[in-house]
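Here's the structure, in C-alpha cells; my notes come after.
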Amino acid sequence: MNTTDMLSTTRQQLILRGCKDPIPTIPALYPLQRLNLLVVYANPLGVINRISEYVRTNSLAAKWQKGCSNKILCTTNTSLTIEICLWRQASVHKGRPNAVIVDVNRCKGDSIEFHRIKSLLFDAIDGGTRSKRQRVPRTEKSLVLTTMKLKNLSVRGPLTLNGLGNLLKAVSVACNLMSGRTTAEVVAGIKLLIFLTDMRLTNRVYATHVGNMILTGKNPFGHRVDTKELLYRHALDDGTEDYHRYVVRAIGNSFKLVQDSSALKKPDLMDLWAGILPRLFLDMDNVDEDPHTAHDAARCLRAMITLDKTENVIFEKAKSGDRVTQVISYLISYGKLHNAKIERVSRALVILLKDGV
C-alpha cells in the first residue's frame with residue numbers, strides 16, 4: 001500500500017484485523033515541536049481522509065512507514081521528504097472527543113518549501129480556520145516595523161542573465177558537473193540545467209536557448225556542446241540512479257520550451273530522441289513505485305509529441321509501442337485516485353494520440 005487515497009483504506013483494514021485503536025496514544029514525555037504541531041478534535045479516519053485528499057490534490061507521493069501504524073512519509077517532486085505522525089490524546093473534558101495530534105517533521109529537503117506545505121496541510125485538516133487566526137502585533141512599534149519590512153520586500157521575476165556569454169558559461173559548468181565521477185556532481189549539473197530551462201526561474205529567451213542546446217547539441221553560434229550526449233546517455237540508464245528523473249525533467253522542459261523551433265523539426269534529431277521512448281514508457285509503467293518520475297516521463301512524452309507535428313516520428317513510434325494504451329489508461333486511473341498532475345497529463349496524452357496531434 002503505497003500512495004495517497006489508499007491511506008483511509010489502510011486504516012480500515014487495520015481496524016478489520018482487530019486493531020481497535022489504529023492510532024496509538026502519545027507516549028509520556030514524547031518530544032513535540034510546537035510550530036510543527038496541530039491538535040484536532042475530530043474522528044481519526046476523517047483526519048486521515050483529509051490528509052489523503054490534500055496529498056492527492058497537491059500531487060505528493062505518500063506511503064505508510066514500515067513497522068509503524070501512525071507514520072506517513074510524503075515526498076515532493078523536489079525531493080522534499082516529510083514525515084506525518086498521528087497520535088491520540090485522551091480528552092480531559094466530558095463529552096469532548098479525543099484529540100488527534102498531527103506532528104509534521106522535515107526529513108530532508110528545502111525548509112522553506114516544507115513550512116509552506118505544512119501550513120497548507122494544517123489548513124486542509126482543520127478546514128482552513130488556522131488562516132483566520134493571525135497574530136496581532138502587541139505594540140505600535142512592532143506594527144510599524146512589520147509594515148516597513150513588507151514594503152521593502154521586492155517581488156523578483158525570472159532570472160535574467162547578464163548577456164549570452166554568462167548563459168554559455170552556466171551551461172558549460174553544468175556539462176562539467178555531469179561529466180564528474182560522483183553522483184552528487186551529476187545531480188548538481190542536471191539540476192542546474194533544470195533551473196536554466198524553467199521559465200518560472202529563468203527568463204524565457206535564455207531558457208529557450210538552453211533548451212535548444214540540450215536537444216540539438218549546439219549553442220546559438222553553431223558550436224558543439226555536450227549537453228545532448230550527456231543527457232541522452234543518462235536518459236537511457238536503468239533508472240536505478242538518483243539522477244534519472246532529473247534527466248527526464250530537464251528533457252521535458254526543453255521540449256516544452258522549443259515548440260516553435262525549426263532546428264528540431266528534422267527527422268534525424270527526432271529519430272535520435274525517439275530512442276528514449278521505451279525508457280519513458282517503462283518509467284510511466286513504474287508509477288506505483290515512483291509517481292514523480294512517471295509524471296515527468298508522461299509530461300516529456302506529451303511535449304515531444306506536440307513538437308513533432310510535421311514529421312510525426314515521435315507520434316508514430318509512441319502509438320505503435322507495446323502496451324501504450326494500457327499504460328496511459330493505468331496512469332489515468334492512478335492519477336484519479338492518487339495524483340492530480342498525473343491524471344491531467346495522462347488525459348492530455350490520450351487526446352494527442354487519439355486526434356493524431
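Can you confirm whether L45 is under 27 Å from Y246 (Cβ atoms) and either of a type in the set (A, V, I, L, M, F, W, C) or in contact (Cβ under 8 Å) with a residue 40 or more places away in the chain (or both)? Walk me through how you get there before you give the answer.
Values: under 27 Å from Y246 (Cβ atoms): no; either of a type in the set (A, V, I, L, M, F, W, C) or in contact (Cβ under 8 Å) with a residue 40 or more places away in the chain (or both): yes.
No.
To keep it simple, each residue is scored yes or no on (1) within 21 Å of L352 (Cβ to Cβ); (2) part of a helix (DSSP H, G or I); (3) at pLDDT below 90.
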| site | (1), (2), (3) |
| --- | --- |
| D242 | no, no, yes |
| R245 | no, yes, yes |
| A250 | no, yes, no |
| K256 | yes, yes, yes |
| H292 | no, yes, no |
| A298 | yes, yes, no |
Across the stretch 34-54, which residue is surrounded by the fewest Cβ atoms within 10 Å (Cβ to Cβ) among those that are under 17 Å from H115 (Cβ atoms) and not polar (S, T, N, Q)?
R34
Which residues, taken from the stretch 187-212, are open to solvent by 10 Å² or more (accessible area, probe 1.4 Å) and touching a helix residue (DSSP H, G or I) at 6+ places or on another chain (Cβ under 7 Å)?
V187, A188, K191, L192, I194, D198, M199, L201, Y206, T208, H209, N212
Residues satisfying the stated conditions in the stretch 101-119, i.e. of a type in the set (A, V, I, L, M), more than 11 Å from T76 (Cβ to Cβ) and under 16 Å from the mean Cα position of the chain (by Cα):
I112
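Yes/no per residue for (1) modelled with pLDDT of 75 or more; (2) within 14 Å of I125 (Cα to Cα):
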site: D5; (1), (2): no, no
site: T9; (1), (2): no, no
site: D21; (1), (2): no, no
site: L29; (1), (2): yes, no
site: L32; (1), (2): yes, no
site: N36; (1), (2): yes, yes
site: Y54; (1), (2): yes, yes
site: A61; (1), (2): yes, no
Considering (1) modelled with pLDDT under 75; (2) assigned to a helix (DSSP H, G or I), say which one A348 fails and leave the rest.
(1)
Note on the stretch 213-243: residues surrounded by 20 or more Cβ atoms within 10 Å (Cβ to Cβ), within 13 Å of L168 (Cα to Cα) and among the polar types (S, T, N, Q) are T227
Give the residues of the stretch 103-125 that are under 17 Å from T57 (Cα atoms), free of Cβ contacts under 8 Å to residues at least 60 places away in the same chain and open to solvent by 50 Å² or more (accessible area, probe 1.4 Å), sorted by residue number.
R116
Could you give every pair whose Cβ atoms fall below 6 Å, whose first residue belongs to the stretch 325-352 and is among the charged types (D, E, K, R), and whose second residue is part of a helix (DSSP H, G or I) and buried (at least 21 other Cβ atoms within 10 Å of the Cβ), counting only separations of at least 6 or pairs across chains?
K341/H295; E343/G335
If only one of V92, V171, V144 is out of contact with any strand residue (DSSP E or B) (no Cβ under 9 Å at 6 or more places or on another chain), open to solvent by 50 Å² or more (accessible area, probe 1.4 Å) and either at pLDDT 90 or above or assigned to a loop (DSSP other than H, G, I, E, B) (or both), which one is it?
V92
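The values are calculated or read from the model by the stated rules, or taken from the named source; none is laboratory data. Bear in mind the structure is a predicted one, so any value in this text is a computation, not a measurement. Please note: Cβ atoms are built from the backbone with ideal geometry, for glycine as well, and neighbour counts cover all protein chains shown. For the accessible areas, the whole protein counts, side chains as well, though only heavy atoms, and no ligand, DNA or RNA atoms are used. Shrake-Rupley method; radii C 1.70, N 1.55, O 1.52, S 1.80 Å.
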